[in-house]
Structure formats: C-alpha cells, structure tokens
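This report refers to the structure that appears directly beneath it.
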Amino acid sequence: MAITEIPVMQDYIRMCGDGWDQGWHERNGGNLTYRMRPEEVEQCRPCFQAEPGPWVNMGVQADNLKGEHFIATGSGKYFRNVPLAPQDNVCILEINQAGDSWRIVWGLEKGGRPTSEFPSHFLNHSVRKKATAGENRVIYHAHPANLIALTYILPLTARDFTRALWKSATECPVVFPGGVGVVPWMVPGGAEIALATSKLMEEYDAAVWAHHGLFASGPDFDTTFGLMHTIEKAAQIYILALSAGQGNIRQTIQDGELRAIARDFGVTLREEFLDETPSVK
C-alpha cells in the first residue's frame, strides 16, 4: 500500500489543500503538524526509509513527547504542492528517547528539513497533550487575512479579540467558549514566540499572532480546521460590518445572549470576558 493511501496521510494532505484553497497560505506561508497515533505509525512504517536521517537537536525538550512520531510540512515548501507531491513537501519525524531531537523517517525526498516553526509546534504539542490528557494531536498555523487585519485595529488582548469574535457570529461561543489568546508581534521561528505561545496554549485552543496569523490546536484535522475557519469567518464578518457601517456597528450579540447560547449548547464561557450580570431568561 502506498503511504498516500493510508487514511491519516489522506486526511493530512486534504487539510493542506483545503488551507491553500481558503487563501491562508501565500507562497510558503503556514505549517501543519500532527502527532501520530501508535497504530498510524505502524500503518506507515513499511514505507519508512531503510536508513533514517540523522538526529537533529531542536534546542527544546519535552519529556511527554519522547519517542513520538509527527507528520510535518517542510521548511520553504508550498501548501499548494502538498496534494501534488506529498513525498517532496511533507515528512514524518521520529523524536528520540531524550525528547530533544528529531530525524526524518519518511518524505522530503528531494531534500529539506521540517518547518522552521517545528520547535514552536513541538513545545505546543507538549502543552496541549498535557492540557487535554493526550486528546489534542493537531497544531496548525496559517495566515487568514481578516484575522490579521483585526490585529491592526483591536487592542492586542485576549478579552478584546474574544469579545469581537464571539459577538460577530452566533456559533463562535460554542466553537471556542474559552476564547482566544493573543501574542504581540515577535520575530517568527524563534524561542521567544514559541515560549509565549506555549504559555497561552495552556489555556486556549487558539492564539492570535499579531500582524502574522493564527495558531490553532485540536484533537483531529476536521476540528482544528473548523476552529481556524470559524475564527477567520467571524473576523471577516466584523471587518465587513465595520466597513459597511463606516466605523460604527449599530447592534450585535449582547453578553446576556452569549450566556443564553452557552446555556442551551452546554458550554462554559470564560466569565471574565463578559460584562453584564447573568441573564435569567
């Protein structure tokens, strides 16, 4: 069986193509990593290289990711090319037993390395694995334009961003009841942004990177893509409303109504992001 016939690889490739189709990945922008289940590793193992690549130290370490395997996009690779030639644009990485180095066991057949953001992804996989008792497996970074635009006009706080998004689309408080975190602008690919993001991901499923993009996590590809899509659509609605109203938004979903949504859909909102006294309706 070709590795592209294995369901986990098909799902990964589809998500890369879907992200490109949404316009979230100009040039080689964005990256996607997935922490594989043991049975998925075994399904893919017959396709692994006879001689794995050398171990490469990441400069970060995580005890709870020792021996794990990840699917990752390649550094400098274009999302638009993943469905066309996954073997040249994607790789499977094995993590060593010290939890501080990776090696390529499949993919990037024409050379290359995993995304330069892999150390940031790795730290955040560690945080999300701990925070969700192992449930979260996907870390996705993309450049959705409307959300990035909001980072130029909203205060860069979790509360301001969360409220703007919750109030822009009814499904938002259901999809991300815990809100979204916000990281101020930092140079991408470095330890500073990796550590700042991992701190936020202890509490949030998604973190906005100011003037850059969005970092999202989830248990599977559909949930994580849906989170990214919902946040970006809410940002688009906010931008459209602000533009059509020439800077004024006449009405929106009220805090009491947000609580009513949460009550009826069985989710718990982050109360410190709400203003009004709880409604008794």
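Considering each residue of the stretch 159-171 in turn, at least one proves to be at negative phi and free of Cβ contacts under 8 Å to residues at least 40 places away in the same chain. If you go through the stretch 216-231 and keep only what is out of contact with any Asp or Glu (no Cβ under 9 Å at 6 or more places or on another chain) and closer than 18 Å to L200 by Cβ, you end up with M228, I231. Considering the stretch 233-261, the residues that are in a loop (DSSP other than H, G, I, E, B) and of a type in the set (G, A, S) include one that is farthest from H143 (Cα to Cα), namely G245.
For the stretch 246-271, give me each residue that is surrounded by fewer than 13 Cβ atoms within 10 Å (Cβ to Cβ) and either of a type in the set (S, T, N, Q) or farther than 12 Å from V175 by Cα (or both). Passing the criteria: Q246, G247, N248, R250, Q251, D264, T268, E271. Among the residues making up the stretch 172-188, none is touching a residue at least 40 places away in the same chain (Cβ under 8 Å), under 14 Å from H212 (Cα atoms) and among the hydrophobic types (A, V, I, L, M, F, W, C). At least 2 residues being closer than 30 Å to Q236 by Cα and modelled with pLDDT of 95 or more is the threshold, and among the strands (runs of 3 or more DSSP E) wholly inside the stretch 1-108 those reaching it are 31-35, 69-73.
Matching residues to (1) surrounded by 13 or more Cβ atoms within 10 Å (Cβ to Cβ); (2) touching a strand residue (DSSP E or B) at 6+ places or on another chain (Cβ under 9 Å); (3) touching a residue at least 24 places away in the same chain (Cβ under 8 Å):
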{"position": "G29", "(1), (2), (3)": "yes, yes, yes"}
{"position": "C44", "(1), (2), (3)": "yes, yes, yes"}
{"position": "E51", "(1), (2), (3)": "no, no, no"}
{"position": "V60", "(1), (2), (3)": "yes, no, yes"}
{"position": "H69", "(1), (2), (3)": "yes, yes, yes"}
{"position": "A72", "(1), (2), (3)": "yes, yes, yes"}
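The values are calculated or read from the model by the stated rules, or taken from the named source; none is laboratory data. What you see is a predicted model; the values in this text were computed from it and never measured. We place every Cβ from the backbone using ideal geometry, glycine too, and count neighbours over all the protein chains shown.
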